[in-house]
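The values are calculated or read from the model by the stated rules, or taken from the named source; none is laboratory data. In this text the structure is predicted, and so the values were computed from the model without any measurement. Virtual Cβ from ideal backbone geometry, glycine too; neighbours counted across all protein chains shown. For accessibility, only protein heavy atoms count, side chains too; no ligands or nucleic acids. Shrake-Rupley method; radii C 1.70, N 1.55, O 1.52, S 1.80 Å.
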Amino acid sequence: MLDAESLRVRWANQSCLQIWDIDSQMELCERPLDPGMAETLRQAVTRLQADRLGNDISPTQPRTMFTDHPSRTAGLSVSVFPMEDGKQALLVEVLHAGQDAGSDRVHGATALQLTPAMISLYDADHELIYCNPAARETLPDRCTNLRQRLVSETDMGTILDALDSSDSYDVELEVNTVDGARWHQMNFRRSVIAPGGHSSMLVSAQDATEARRARQLAHELAFTDSLTGLPNRAALGLYLEELLDAEGSDRPEFSLLFLDLDRFKIINDSMGHAIGDQLLMEVAQRLKNTVGGNGLVCRLGGDEFVLIINRFTATAKLARVAEGILHVMAEPVVLNGQKLRTLPSIGISRHPADGEHASELIEHADEAMYLAKSRQSGYCFFDSKMTARLNEKVKDRLGLENDLVFAVQNNEFELYYQPKICSRTLAISGVEALIRWNHPTRGQVAPDNFISIAEETGQILELGNWVLDAAMKQQRQWQDAGLIVPVSINISARQFYADDLLLNVSECLLRNGCDPARIELELTESMLLGDAEAVHQTLHQLSSMGIKLALDDFGTGFSNLAYLQKYPLDILKIDRAFLADQTRSMLMGTILEMGKVLGLCVVAEGVETAAQVDWLIGRGCDQMQGYYFSRPLPAADATRYLVEKLADGHLDEKAA
Ligand code: C2E
Ligand code: MG
Ligand code: MG
């Protein structure tokens with residue numbers, strides 16, 4: 001029997017003393033009830049008052065009468081009686097008292113003491129009622145409310161919302177601890193304090209900071225390009241997904257720029273991957289600086305980058321962005337004492353105009369990039385007609401690739417010859433051999449359309465040897481006919497780096513009985529980028545055979561005048577782009593002067609007008625080549641041309 005208000009025991013029968021293991025009535029009356037038990041009883045009284053029932057039965061479960069006291073499995077029947085002093089008494093009958101539940105309790109308590117899991121109990125106001133030692137260890141001073149424990153102010157609301165719809169909620173949250181903010185993997189569970197029936201919240205937690213860091217690291221590794229530190233292809237996918245998902249009703253405008261570095265492969269192959277890597281890192285940094293906070297820069301792999309430009313798709317603005325990138329990338333990178341430059345080609349697609357899905361936008365920008373490669377501007381916007389054109393192009397390329405396999409055997413190649421004119425005497429100072437492919441169904445195919453394919457497939461080696469042989473044979477034939485004219489032969493990068501170049505050249509000279517002094521080899525700047533020692537050796541050996549060496553297309557590559565000094569070159573051919581572009585005539589003048597200072601024979605390519613001829617002669621250019629004098633001619637026509645010029649006394653006596 002208890003006082004309903006104070007919940008102090010007034011009286012107990014003998015069985016009760018036995019059940020709870022208490023020696024005397026006195027002791028029973030002096031001890032305060034376990035809070036859980038007190039709560040159970042208070043709940044029972046509330047229910048009794050509400051339901052006006054005679055007694056209230058609480059279920060059979062482990063119960064403790066007093067704190068730190070052995071527990072018993074028992075059911076309770078509670079009823080209320082008025083007492084003489086006007087107060088109320090509770091009659092608590094212990095029902096079905098089972099065997100000693102003590103060992104369970106003790107084990108449970110021990111487990112709670114020892115477990116590394118942090119277990120805490122909060123009341124309905126989120127005040128801490130209990131926490132085990134593990135939880136206490138991390139609890140900051142005076143942090144007794146769950147709200148204070150959570151770092152983010154919104155977390156409490158989230159937890160309560162979750163518990164409204166479910167009994168249990170698992171979540172990783174940032175919490176305040178004695179070691180500062182840490183991440184805990186937490187489980188929140190609504191519970192009723194067992195003996196008292198109070199609503200409460202049981203929280204079990206485990207420190208997840210390290211695991212989270214490991215996960216973050218794994219995530220970073222999976223979504224970061226290890227070389228440049230930029231987001232990778234997977235990260236781009238996620239970013240686009242988020243961008244597209246977040247759109248809701250108002251479709252966000254953004255643009256996707258697909259970049260591919262021109263000639264990067266050549267640099268990588270000739271200078272080694274370490275230099276290639278450094279170049280890529282520099283490119284990544286420049287792109288990041290250009291885009292700044294306006295979007296995202298990713299590396300898809302190799303020399304491909306994607307930029308997302310947020311919020312705008314206006315053509316003029318994007319063109320300015322693309323031009324800005326090209327401008328920034330035009331500044332050479334100095335690596336290993338060499339100035340390198342690799343300009344990107346940029347394809348641009350826009351959301352939503354050019355595609356709804358990430359894959360579509362990337363594909364379309366890629367297609368536009370492909371076309372940008374053949375544009376002077378260096379960039380190109382996607383338009384829907386492009387895909388069809390491109391499919392044609394790809395099919396075309398595949399077709400050419402297949403046909404190339406048999407073209408040498410089938411004798412489908414032919415050399416044309418274009419004369420070079422001496423500026424001083426206007427006599428012919430030489431001819432350049434230029435390959436043509438007489439394709440059985442396509443007609444004549446120009447070298448720009450198949451040399452790069454042959455380079456990639458490796459067929460250039462066979463083809464290059466055929467050219468060497470055919471050109472030298474022709475030189476010898478002309479010489480035998482009294483037409484003594486030097487022939488220049490274009491060499492491709494792959495041919496230049498092949499181990500047997502020297503052997504092939506010398507065998508070819510021998511086989512055709514050619515005078516090496518009448519043979520010129522035309523090389524391009526990108527070939528000279530490789531291992532300086534090896535390049536130097538090859539050039540030196542060719543040169544000491546008596547062959548003349550020309551640097552072709554000067555001005556389109558790195559325009560590094562250092563090569564001119566470093567290597568045994570004889571001739572400098574300035575690319576026709578310089579003549580065609582009036583604005584660069586100043587530069588052309590400078591190159592001409594430089595070439596002369598270095599003792600090189602300077603040749604201007606692409607001479608098309610009389611005005612250009614006058615200008616070049618005025619500047620002291622040594623030789624000229626271009627449509628103004630003659631287009632490249634088939635061997636028979638070239639022979640006729642040479643005969644005519646010889647008759648006019650216009651075969652350069654020096655060449656002869
Ligand atoms: P290249 O060695 O710079 O040859 C000059 C190119 O400019 C030739 O184009 C020639 O027809 C063209 N050209 C000459 N004068 C003029 C002019 O006044 N105006 C214009 N617009 N163009 C002019 P082609 O024959 O189409 O050859 C293109 C490129 O293909 C060559 O450039 C060379 O790099 C490569 N090539 C040609 N034949 C061979 C070859 O046998 N082997 C290798 N590896 N490459 C070759
Ligand atoms: Mg050439
Ligand atoms: Mg050229």
Worksheet item: What ranking, highest mean first, results for peptides 15-26, 118-129, 514-525 when packing means the other Cβ atoms within 10 Å averaged over each residue?
Response: 514-525, 118-129, 15-26
Worksheet item: If you rank 282, 462 by how much accessible surface each has, with a 1.4 Å probe, what is the order from largest down?
Response: 462, 282
Response to the item:
With a Förster distance of 30 angstrom and the Cβ-Cβ distance between residue 648 and residue 398, calculated FRET efficiency to the nearest 0.05 equals 0.05
Worksheet entry | Whole-percent carbon and sulfur share, accessible surface of region 509-602, 1.4 Å | 53 percent
Fill in: Accessible surface ranking that places the most exposed of 424, 494 first, with a 1.4 angstrom probe
424, 494
Discussion item. Show me the ranking of peptides 402-411, 376-385, 303-312 by mean Cβ neighbours inside 10 Å, starting with the highest.
Written reply: 303-312, 376-385, 402-411
Worksheet item: Given R₀ = 22 Å, FRET efficiency for residue 68-residue 191 by Cβ-Cβ distance, to 0.05?
Response: 0.55
Practice prompt. Could you order 644, 93, 605 so the one with the most accessible surface comes first? Probe is 1.4 Å.
Written response: 644, 93, 605
Worksheet, complete the sentence: Computed over region 250-353, protein heavy atoms only, probe 1.4 angstrom, the accessible area per residue in square angstrom equals 42 Å²
Worksheet entry | Length gained when the stretch residue 27-residue 506 is fully extended (0.36 nm per residue, less Cα-Cα span) | 160.7 nm
Discussion item. Please report, ordered by residue number, every helix of the chain (full DSSP H runs) that is 30 Å or longer along its axis going by C-alpha atoms and whose mean Kyte-Doolittle hydropathy reaches -0.5.
Written reply: 386-407
Practice prompt. Give me the aspartates and glutamates in straight-line cross-link reach of residue 385: C-alpha distance below 15 Å, same-chain residues under 8 apart excluded.
Written response: 354, 360, 363, 366, 367
Response to the item:
Mean Cβ-within-10 Å packing, highest first, puts peptides 181-188, 548-555 in the order 548-555, 181-188
Discussion item. Taking 0.36 nm per residue of sequence separation and subtracting the Cα-Cα distance, how much length would be gained by fully extending the chain between residue 391 and residue 168, in nm to one decimal?
Written reply: 74.6 nm
Item to complete: Tally up the carbon and sulfur contribution to the accessible surface of region 161-285 as a whole percent, 1.4 Å probe, everything protein left in place.
Response: 51 percent
Item to complete: For residue 10, put the label point 7 Å out on the Cα→Cβ axis and report which residues of region 19-36 keep their amide N under 15 Å from it.
Response: 29-30
Worksheet, complete the sentence: FRET efficiency for residue 452 and residue 217 from the Cβ-Cβ distance with R0 = 41 Å, rounded to 0.05, comes out at 0.45
Worksheet item: Using a basic spin-label model with each label point 7 Å from the Cα along Cα→Cβ, how many nm lie between residue 142 and residue 327?
Response: 5.9 nm
Discussion item. Can you compute the label reach from residue 130? Point 7 Å from Cα along the Cβ direction, backbone N cut-off under 20 Å, restricted to region 72-93.
Written reply: 72-76
Worksheet entry | Extended-chain gain in nm, criterion 0.36 nm per residue less alpha-carbon gap, residue 93 and residue 343 | 80.9 nm
Practice prompt. Please work out how much accessible surface residue 603 shows to a 1.4 Å probe, ignoring ligands, DNA and RNA, in Å² rounded to 10.
Written response: 0 Å²
Worksheet item: aspartates and glutamates within cross-link reach of residue 566: Cα-Cα under 12 Å, excluding same-chain residues under 8 positions apart?
Response: 533
Worksheet entry | Among the listed pairs 393/420; 339/395; 548/596; 288/393; 265/393; 373/473, those beyond 27 Å (Cα-Cα) | 393/420; 339/395; 288/393; 373/473
